[in-house]
Structures are given as C-alpha cells and as structure tokens.
4 protein chains.
Amino acid sequence: MVSVAVIGATGYAGSELVNILSRHDGIRLSHLCSHSYAGRKFSEIYPSFFSRVDSVLEEDDIKRIADDSDVIFLALPHGIASALVSSELLKEKVVIDLGADFRLKDKDTYEAWYKTEHRSPELIASAVYGLPEVHRKDIRKSHLIANPGCYTTCSILALYPLLKHGLIESSTIVVDAKSGVSGAGRGEKIANLFCEVNESVKAYGVASHRHTPEIEQELSAAAGEEVRITFTPHLIPMQRGILSTCYAMLKSGVKEADVEDAYHECYDGEPFVRLSPYLPETRFVKGTNYEDISYRIDNRTGRIIAIGAIDNLIKGAAGQAVQNMNIAFGFDERKALEGVAVI
Amino acid sequence: MVSVAVIGATGYAGSELVNILSRHDGIRLSHLCSHSYAGRKFSEIYPSFFSRVDSVLEEDDIKRIADDSDVIFLALPHGIASALVSSELLKEKVVIDLGADFRLKDKDTYEAWYKTEHRSPELIASAVYGLPEVHRKDIRKSHLIANPGCYTTCSILALYPLLKHGLIESSTIVVDAKSGVSGAGRGEKIANLFCEVNESVKAYGVASHRHTPEIEQELSAAAGEEVRITFTPHLIPMQRGILSTCYAMLKSGVKEADVEDAYHECYDGEPFVRLSPYLPETRFVKGTNYEDISYRIDNRTGRIIAIGAIDNLIKGAAGQAVQNMNIAFGFDERKALEGVAVI
Amino acid sequence: MVSVAVIGATGYAGSELVNILSRHDGIRLSHLCSHSYAGRKFSEIYPSFFSRVDSVLEEDDIKRIADDSDVIFLALPHGIASALVSSELLKEKVVIDLGADFRLKDKDTYEAWYKTEHRSPELIASAVYGLPEVHRKDIRKSHLIANPGCYTTCSILALYPLLKHGLIESSTIVVDAKSGVSGAGRGEKIANLFCEVNESVKAYGVASHRHTPEIEQELSAAAGEEVRITFTPHLIPMQRGILSTCYAMLKSGVKEADVEDAYHECYDGEPFVRLSPYLPETRFVKGTNYEDISYRIDNRTGRIIAIGAIDNLIKGAAGQAVQNMNIAFGFDERKALEGVAVI
Amino acid sequence: MVSVAVIGATGYAGSELVNILSRHDGIRLSHLCSHSYAGRKFSEIYPSFFSRVDSVLEEDDIKRIADDSDVIFLALPHGIASALVSSELLKEKVVIDLGADFRLKDKDTYEAWYKTEHRSPELIASAVYGLPEVHRKDIRKSHLIANPGCYTTCSILALYPLLKHGLIESSTIVVDAKSGVSGAGRGEKIANLFCEVNESVKAYGVASHRHTPEIEQELSAAAGEEVRITFTPHLIPMQRGILSTCYAMLKSGVKEADVEDAYHECYDGEPFVRLSPYLPETRFVKGTNYEDISYRIDNRTGRIIAIGAIDNLIKGAAGQAVQNMNIAFGFDERKALEGVAVI
C-alpha cells in the first residue's frame, strides 16, 4: 500500500483528488490537510463524502505528514509549494505539485509572469513536467512532478503533434480557450458568484494569462524552436470542462494525411487521448481523464483548427496527478481513472 | 459471467445503465437495443462512449435477445414492456423493467392513471416492486422486477419510516418534488429545449402526475391503511437530481426521538441510504446511487418536513436497476455502484 | 420632477432599482449611495450601465442626501434602515424601505425572528406594508413604506383571496417556495459561488425562515384570525424568479366557482396580477412586475394548490418599490414598470 | 401610425420582435403570422404575453397582409423570404428580412453556402445590408432591408474600424465566436435539448458556417480588397448573447493610438455601439440593442484581440430590425430600443 497525503484537500482540485484516491485500491490516504478548515471533518466541508471520507482535516505541517507518507500531493496557490518542498524531502518522498511553481524551467519567466520570487529555484531542474503523453519516461523516475495546468494540458496536447512533426507555421498559432467556472477555484470572490457568471461569457487575462509561457515552453520543445502564441481564456457558465480551439497556418505542401499521421503517431496507444471522429464537446469528457482531440482543415484559408476537450479538474488537475502517481509508482496507468461521461 | 441485454439503450436512463454496466466486472453486455437507432454504433449516439462502448445497436427483438442473455433490462415508455414480456420468457430469464407497467399492483389503477389497457395483466402478481430497502427479500427470488419511478423512490424512502412506525397523520401528507430535466427524457419536444426550461422553474402535472398512485401504494402498505397524498412535481433547470420535500402533521405525542429511532431502524445498514446531519442537496448525490435523507420538525405547527435527495438517473432509475440485479444474482449489492459526487 | 435617492444602490435589488428609475420620466436621480463602493462610478461596479448611469457613488449620509431628495429608497440589510430613519426625516420625505425593519407590526416578533433589537420601534406604527393589492389606500398617504419581501409578496398574493373569502382551513397551509440565487444577494460567500449552487437544488431555513412571520401577519389580517403556516424556501440554479406552491385544505362545501370568484374579486383590475389560465412559470414574469397566479384543485384529497410566480428583484423588490412610489406620488401606477418577458 | 406585420412571429427572433414592437408608440401591430400556430393566440404560444398580446396568429398570406401594412418583418428560415417578396410588393411596402436571403450581394456565393437556388435574384441588387453603423444612409431610402446575421453583426462591428483604416493584415483574421442557445432557434431537435447543451461547450460548423461569407463581404468592402477569414462558432450553455473574439496581426508600425482613433472615428456618436473600457461580457448587453466593443494588443506577438458582445436576439436580430425600421421611417433611431441590462 502506498501511503498518500493531500495538502490543500478542500479546494475543487483537492477534493476531486480525494475522490479519485478514495477509489484507488493501491493506496491509503494518510493525511488530508487544509489550512482553512483544519480540525473539521472533510465531509463537513463536502457533505457528498459523508459516510465515505469523514477524516479530520489537519494543518499542512509537511514534515510531520511526510513521516508516514510515500507521496504528497500539493494542491495549493502558486508560491506556497516552492516554500514547502525541500531537497531533503525529495530524497525519500515523491511530491506531485498541482500548482505552478515547478512547471516553468526558466526561473525568470516564472517570476515575470507570476510577479513573485521563486522560493526554491535550485529544485526547478529536478522537476519533471508531468504530461505523461510527452514526458512519461522521466515521470517514472522523478521525485518532483510538476502537474500541468488545465488550459495548458488541453492546448498542448491539441497542438503537440503539429509542432513535433513540423506541420504548422509556429508564429501563426492562436489558442482560444473556454473554461468552466471551477477553474477559478473556491475563493469567496464576487467574480465567482452564480449571478455574476451565469448566463454570460467573457474573455479575461487577454494577452496576459499565466498559462501562456507554460504552453510556449512545451510547444517550443516539441518544435525545436521558440514558439510564441496568443492565448485567450474565456469563462463559460458551466462547472467543469475546457475546450481549446487552436488555430494555425499549415506549412505549404502539408496534406490532410500528414496531419492524420502525426496525430496517430503521437497518440495511438495513449490510454487517455482519444482521436475522435466527432467534434469534441466538453460533456463527452466530463468526469473523466480523457482528452478528446479532433481537427478540421479550412481549405479556403490554409488554416488548421485543432480542438481539444478535457475535464479541467480531472485531466486538467487531479486525474492527471493520479495518472502521474500511477506511472511513478508502477501502478496500471489507468487505475482509478476509468469511466465514461453520460450526461 | 452474467449475460446482460439492454432494450432502450439510448434514452437517458438506458445510457446511464450502459455506463454502470460497463464498469461491472461480473457481467458482459450481450445486446444493446434501440428501435430509433438500430444499425448505428452506440458511441455515435453517445460520443462520450467512443472507444469504450462502440457496439452496434440492435432492434429490440426480445426473443432473439433472450437466447443468450440471463437478464434483460427494459428502459422503455410505458405500455411497451407489458407487450414484450411473457410468462415463457420469465421462466428462464430475469426481466428488470425500468418503466411503469408492472409497478402498480392494481390493474385498474394502472389503466386509470396511464389511460391505456394493460397488455399482460396476468403477470402483475408475479412482479416485485424493486425498492430494495423495502422488498429486498422478494427481489432476491423474483424474475420480474418493476424498478420504481424516480420521484417515487425519492419520496417513498423519505416518508416510509414515518408511516411504518405510525408517527404521522397520513391524510396530511404533501409531497413537493423538484426534478432535473433529464427526468423528462430525450424526446424532441419544445418543452424540453434549453431555452424553454433554462432560467425558470414550474410545477406540472399538478394533482394528476402518474407517480402519485405508486407512492400511495407503497406508503399504504407501510402504514397498513389507505394513504392518499397530494403530489406536485416541479421542473428545475439542472440535468440530474430530485429533491422531495415531504410535509405531514406528526401524530399527537410523537417526539423527535421517536422519529430519529424510526429512521435508524429502517435504514441503519442500508448501503445506499444516508441519514445525513446536513440538509440534502441534490449535488451531494449527483452521479451516485445514494438517497440522502434528513428531516426537521416545525414545532410551531406540529409538522415534520422530511427531505430526500437522489440522482434521478441512478437511484431513481439505472443505479437502482443494477442494485436489483446485484441482489437477484447474488453479487455484492454495491458492485459498480460506489462513488462520491464532487462538484 | 420628483427627486430620488437610492441608498444601497450596488446590491442586486439596488441596481435593479437604478435600472427601473433610469427609465422613469417623472423623476430624477439625485444620489446613488453605496458604503462599499463610495467614490467609484456606478458603471464601474455594473458595466452594463456604462454610458447610461456613470454617476459617482456616495457615502450613505442620509441627512445630506435628504436635503435635495423627495423620496429615499433604502436597499440595505435588516437592522440598518431602522437606525437611519427618524421621525424628523419622515415629516418631509418619503422613505421606501426594501428591507425588513418596518414590515412586522409586532416589535417582539421582529426581534425574535431577526435576533436583533429594533432601533426605532416608535416608527413601526406609522409604516405601511407596501403591498399595493392589499394596502393601496394607505400607501397613498404614507411617508414610510415597508416594501414586502420577495417570498412574502409571491406567497401572500397567491393565498390572499382564499383567506379573505374564508375558503380554506388556515391550519393546513404549507408554502413550498423556490427562488433564484439573486435572492441571496451579492455577498462574497462560498454558498453563493457558481459551483456551489449550479446544477443542484436544496431547501434551507427549514421551519425557521424570516419571511414566515411576515406571511403570517398578512394572511392573519386577511383571515381575521391567527394563521400559522409551514414555509420552506428552496434555492434554484437560476438568477431570478420565485415560484410559491401553496397547499391548503378547502373548507367543506367550497366549490371551484367560489375559488374562481374570490380570485377575480380580489384581483380584477389589478395592473400587476395576472390570473393566468396557464400554470405559472417564472420565465413568464422574468424582468417584469407581474405576479402570475393560477390554481388547481386536487379532488382526491380536497386540497387546493395555488401557485404564484414573480421576478424576485422586480415585483419582489425594486419593481414593487417603484410601484409604491408611483402610488405615493400620484404617478400612473404602471410607469416605468411595463414590459413583457421573452426568453 | 405605421402599420406593422410580422411573419414568423413565434420563433425566438420573431417573439422578441413582437416584444419590442409592442412598446413602440409610433406603430401598431397589424398582423402576427405563424404557419405552425395559425389560429391560436400568440399568448398561448408565449404565455409571458398573456393580457398584453393576445391576438390570433394568422397564416402568412403576404398579399393579404400587405394590404393594410406599411412594413413587413420576415423572421423565417432562409429560402422562404426570397419566394415571398416581389418587386410589386416592394413598390409600396418596406420589407425587413431577418433571414439570409438578401444579405449576400453575390448570388453564386449565396447558392454555394446555402446549397439552394435563390428564388428572386433580381431583387438582390435593390437590397441594403441593414447594418446602420455602416449603411445608415442607404437604409433610409431602402424598401428591402436585409437584416444582418447575429454572428456577423457582432464580428463585423468589432473588426470594421481596423479594416476601414487599414491597420491589420487581412489574411491573418481569425474570428472565434461564442453564442447562446437561442441562436439555434426553436426547432424540435435533440441537439437543442437542455440535457444536450447544458454544462458543455462545443465548436460547430468549423470552416463551414454560413455567416462566413457575410462577414467577408462587409469586411472586404471596408478594406477595399478581398478578405478571407477563418470563422468558428461555439455553442455556450446560456440563452442569449454572442461574444466574438477576433484576432489579427497589426500591420507593421501601427500604434495603439492609431487603433484607438480608428474605433472612435467609426463609432463616436453611434447610439448602440459602446467603446467600453471594460472587457465585454455578454451579460452587460443582455436584453439591449448595444454592441460593446473593446480590444487589447498582444505586444509579444503583434496581434490585436478585438472583442465584441451583443444580445443575439436584439442587436443580432429583432432590435437591429427595429433600428432599421426607425431609420427607414424617420423615427428616433433609439425608439423602443433603450434599456440597460442588470443581471
């Protein structure tokens, strides 16, 4: 039995993590931590867990927790994980960080976009970007896994084969992404109130959203050249789901068959990527760890429109984190992550 | 391996049934039938099942299907099941009917409320009303299980202990129920269009909804006297969930402790009823087979307000149907039905 | 031109009030006040008003404001209005209070349900309960109008004719009400976040909601005897609207025609009550000052089910407040309040 | 009094038209027509109009209707208007067509995208594209006004100043648009059912949507060169609203001030375009005839992101149609179209 702690268990990603872990028969939950709700039952905060996960929430004292845990999930706002993690801790334990602190390989880029000092820059090099479809081999042996962001997972996987195979003009990429409200977290903000987001759609973080450099980092690595994109997130009146609509000009001479081959080469055999004949809808992946991907070519303009859909809390957060744990600990990668959306 | 057929697989209850069955490791799916979509892939109708359930839908030829099936689920409009089922079929096979045809023990009541002739009245007596918390013993040996309606499951379980233990004046019962839109089915009707139900709430079927006699039948049996109720269903702009708010006058002298005892005596040990300290919300049971029940006593008026919440497609349809199959075939009653709602 | 101030302009009821007043051609807006946002433009808080109402929000200094205002609307949490209003102020000005402080005629009842001391009990007697369909004559000459609550408006109007005409057993009344989320206000509370209320329905304030004594006060007056009811509010995942489903036993011998007559006698000629042949749906009155009312008789049980629907922010708050102003200042009662809902 | 007929009164755009016209004090409604519901009261189909618009729906016999009507609005599926309208009719009457038949100046383009023969190609030349901000002068004297599509209105107005002033590379334009469900109409289709669109987002009509050539026609005219764009519509789980997020590369040397000037030159003084300092959200324009427009420049990539928001049924259909009537008949352009969204 692998012993698992969750720090930040009462956010939306954290609670989804508890949910997935509670049906994983290879682990046991050693600690659920929440600074805001320490001392109260988890099921008091999330009554849906009543009679299933009634354990008492603890303060996030990472040393004490590490004592009897093999893996520690961090589901915290950026800037906190980098203060909690140390090289000592990583010697014996595996840390899977759902936050942003260890995703960007370049400390200056992190500090410029997040407008804060990085608290443990010496650990950045040892972190692996936890996108299994791209970095599975490294994830297997890593002790510090930087779980990708939600928008980034969805957008990178939709575009990766096109850049890996050199099929698009990388300077023409536009990613227009749409997310459900759970992506904004459980903070007590007016902007997240039902009456402020329901029955409306808006763009936000235009030309300035922090997931931009993360997408660029991975696409640049795939392309073997620096890639700069325009990324625009939108808020959709629904709870879960991200749809990334990605635009780029095909390179001259590229044919539909080349595109088809590129996607298949990258994803055939992947347990959680589905190259779907149907245009993706977020409802098709709701509550699952799938990313559905499809594309269309606009012959009138020479553009490809590649579309990816995920559940932002699963493949975009908790599900992918467990997928990473499964890889790192030698479990079947699918364990606790199977399931299909209905309505 | 138990061999399982689903007739009416492409309605909302049918597809939820396919979903639950596809993660049940004691059965195999022998046939998925759909009159409307015969010849097409199930995953074409429900792309969320792409790569998971791609089998081709068949016509509902029950004889052919029965050949290599041990259990046949019927998820059909009322009036059709009673024409399909025969005593020959029931000799060797188990039929679990999610429709209304075999729920009412009194043929005349059925015909009066459903305004149609019953097509196999001789089978009614052999049918068991498939509410495990009340009829588990009979379900075990039955070959014809009438799976309860969604409103009825939710309302009966909320009121049953009060009548079983004689704590309320049965002539004062009012059930005000609220349902998500999936309860109305997948029919191409203007009334079910997004723009007709979103951002609105309405009562419908006032003093005339067909689930009324079904609730009355079971409550009368519990009370040992004829019970007549007023039942009002409402449509709520959400996909899943039923909340039944049930009102009745407590009998003179009844104390809160009597009520508490009655609920515990009826439901302690039940795998899918949770006597919750929290007021039920449908989101707490979304995607699960639980019914959460809680109550409050209005000391100013002497009324009890008992509230139950279910997912109408799970405990109110497909989940309860699988629970019944698990009981009838000796599986662990929880198999394929565990899980917790997050958000 | 009547000069009008709004204190508490940035809550949902307050902003709806600004909206209605901004299309009223008999008034001019003298002051918009908001303690939370003083010094900022109204249209910064509500960008939908950009270019239409860009005035700067002021602190709620009622004396200064009264100087050049004829009528002052208060849209404040309970307990604040009673501290702001004084008999001096009321000598020259009209105050229309959208809060609860002056609705209950009995100070002790107020203090028991609101768990706070009343700060100007001497003014209670001079306040008029601002439900035009019942108290129009008194509203005409009042200087302190207590605008009714949202649930109460909807429920009282649905039941009033039945009690006024002595058609129901008053001890059997149950009101099961459903409200959109805007009724909970614009507070930064987790309970009001999109992800906490969307796709779910719940009861709250069971047997303890503060609108109970307000409904009882008015129904008692109509009946000429003390009426006690059970009132249960529910939260619905929509922005606006209240549906009150009201149950009561008809008195022996009462016929459908008696009921019909009672409703018509009370409401024929009323500009904002529609006795509809259709079962009310909140969408039919969204954005309007109408209450739609319909009823059905359950002959099996002898109960009447009377259903009312309003827009909680209009007839349940800002619209009724303007209706009261129109009456008090001799405007056409319909002014600025006409309009029909589409979808 | 101008006498007005509406053919196709019971669709969503048609009913919104009836709503707006019913508060227009310069006109009288002569006929409401609906092929599907002829003989029934309008308020039976839309009970929100009960007691306000109870007239009986008529068959769409355009000759009879024209007799006593000055202006005829057509809110019909494409292909029908072109069969109804004739040059005789247009001699004496004004026709405002909310459908697509007379929007495209090139018959072949129409027939290629709509896959149907045009039934009155000889009238195309006399039709004016009814976008007042661009064609106001021609609208004034036209007898055949082709009211623009919803996506097109929103997208053209957001991009028009950039092309008119030559500020962007026209080959780099991508329009990613998001629409509420009312845009799909009131047809009895599974795809429009609540449970099929709620809690999900999807792209559709990728690289093939019929509003593409309409946008291109107007942008080409503004640019003075042929413009080809990639246009992708998305369906959002809300009733009303369109947000168009438009991407293009700024021409070399273009500065933010040039962009600012271009927008102001085009729209200052326009009654229904608001150049907003706030990023547009569809809720800010819900129920109004405004288009809110804002833009941001992505200095890292040289792209401009121009964002427009409208209510698809108002500025995107019925409101703009009435705006066109106001212009053509010399009313104040704002008449019956003022108002602000609240929540």
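Summary of computed values
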{"read-out": "Matching entry among C:Glu256, C:Glu291, C:Glu265 (being among the charged types (D, E, K, R) and touching an Asp or Glu at 6+ places or on another chain (Cβ under 9 Å))", "value": "C:Glu291"}
{"read-out": "Residues of the stretch D:275-298 that turn out to be surrounded by fewer than 24 Cβ atoms within 10 Å (Cβ to Cβ) and under 20 Å from D:Arg136 (Cα atoms), as a count", "value": "2"}
{"read-out": "Any hit, the stretch A:313-325, residues being surrounded by fewer than 20 Cβ atoms within 10 Å (Cβ to Cβ), in contact (Cβ under 8 Å) with a residue 12 or more places away in the chain and not in a helix (DSSP H, G or I)", "value": "no"}
{"read-out": "Residues of the stretch B:216-260 that turn out to be open to solvent by 30 Å² or more (accessible area, probe 1.4 Å) and in contact with a His (Cβ under 8 Å, 6 or more places away or on another chain), as a count", "value": "1"}
{"read-out": "C:Asp292, sole failed condition from (1) on the phi < 0 side of the Ramachandran plot; (2) part of a loop (DSSP other than H, G, I, E, B)", "value": "(2)"}
{"read-out": "Lone qualifier among A:Asp101, A:Asp106 - being in contact (Cβ under 8 Å) with a residue 60 or more places away in the chain and either over 22 Å from A:Tyr12 (Cα atoms) or of a type outside the set (Val, Ile, Thr) (or both)", "value": "A:Asp106"}
{"read-out": "Pair list, Cβ under 6 Å, 6 or more apart: the stretch D:268-290 residue away from chain A (no Cβ under 12 Å) and within 17 Å of C:Asp54 (Cα to Cα), other residue β-branched (Val, Ile, Thr) and crowded, with 24+ Cβ neighbours inside 10 Å", "value": "D:Leu275/D:Ile293"}
{"read-out": "Within the stretch B:300-343, tally of residues that are more than 14 Å from chain A (Cβ to nearest Cβ), of a type in the set (Gly, Ala, Ser) and in contact with a Ser or Thr (Cβ under 7 Å, 6 or more places away or on another chain)", "value": "2"}
{"read-out": "Of residues in the stretch D:235-267 being closer than 25 Å to A:Leu279 by Cα and of a type in the set (Ser, Thr, Tyr), the one farthest from the other protein chains (Cβ to nearest Cβ)", "value": "D:Ser244"}
{"read-out": "Residues (open to solvent by less than 40 Å² (accessible area, probe 1.4 Å) and either in the same structural domain as A:Tyr129 (by TED's automatic domain parsing) or aromatic (Phe, Trp, Tyr) (or both)) located in the stretch A:184-215", "value": "A:Phe194"}
{"read-out": "Selection count where residues are part of a helix (DSSP H, G or I) and acidic (Asp, Glu), scope the stretch B:188-233", "value": "4"}
{"read-out": "Spans of helices (runs of 4 or more DSSP H) in the stretch A:97-187 with at least 1 residues within 14 Å of another protein chain (Cβ to nearest Cβ), more than 27 Å from D:Val201 (Cα to Cα) and in contact with a strand residue (DSSP E or B) (Cβ under 8 Å, 6 or more places away or on another chain)", "value": "none"}
{"read-out": "The stretch D:84-127, residues that are within 19 Å of D:Ser208 (Cβ to Cβ) and of a type in the set (Ser, Thr, Tyr)", "value": "D:Thr109, D:Tyr110, D:Tyr114, D:Thr116"}
{"read-out": "Lone unmet requirement of (1) within 14 Å of chain B (Cβ to nearest Cβ); (2) hydrophobic (A, V, I, L, M, F, W, C); (3) not in a loop (DSSP other than H, G, I, E, B) for A:Val53", "value": "(3)"}
{"read-out": "Residue within the stretch D:98-115 that is within 15 Å of D:Ala328 (Cβ to Cβ) and hydrophobic (A, V, I, L, M, F, W, C) present", "value": "yes"}
{"read-out": "Per-region count, the stretch C:56-83, residues open to solvent by less than 40 Å² (accessible area, probe 1.4 Å), touching a Leu at 6+ places or on another chain (Cβ under 9 Å) and in a helix (DSSP H, G or I)", "value": "4"}
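Here is a yes/no grid of residues against (1) surrounded by 18 or more Cβ atoms within 10 Å (Cβ to Cβ); (2) under 18 Å from C:Arg240 (Cβ atoms); (3) aromatic (Phe, Trp, Tyr); (4) at the interface with chain D (Cβ under 9 Å from one of its Cβ atoms):
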| residue | (1), (2), (3), (4) |
| --- | --- |
| C:Gly8 | yes, no, no, no |
| C:Tyr12 | yes, yes, yes, yes |
| C:Asp25 | no, no, no, no |
| C:Cys33 | yes, no, no, no |
| C:Arg40 | no, no, no, no |
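The values are calculated or read from the model by the stated rules, or taken from the named source; none is laboratory data. All of these numbers come straight from a predicted model, not from anything done at the bench. Heads up, the Cβs are rebuilt from the backbone with ideal geometry, glycines too, and the neighbour counts pull from every protein chain shown. For the accessible areas, the whole protein counts, side chains as well, though only heavy atoms, and no ligand, DNA or RNA atoms are used. Shrake-Rupley method; radii C 1.70, N 1.55, O 1.52, S 1.80 Å.
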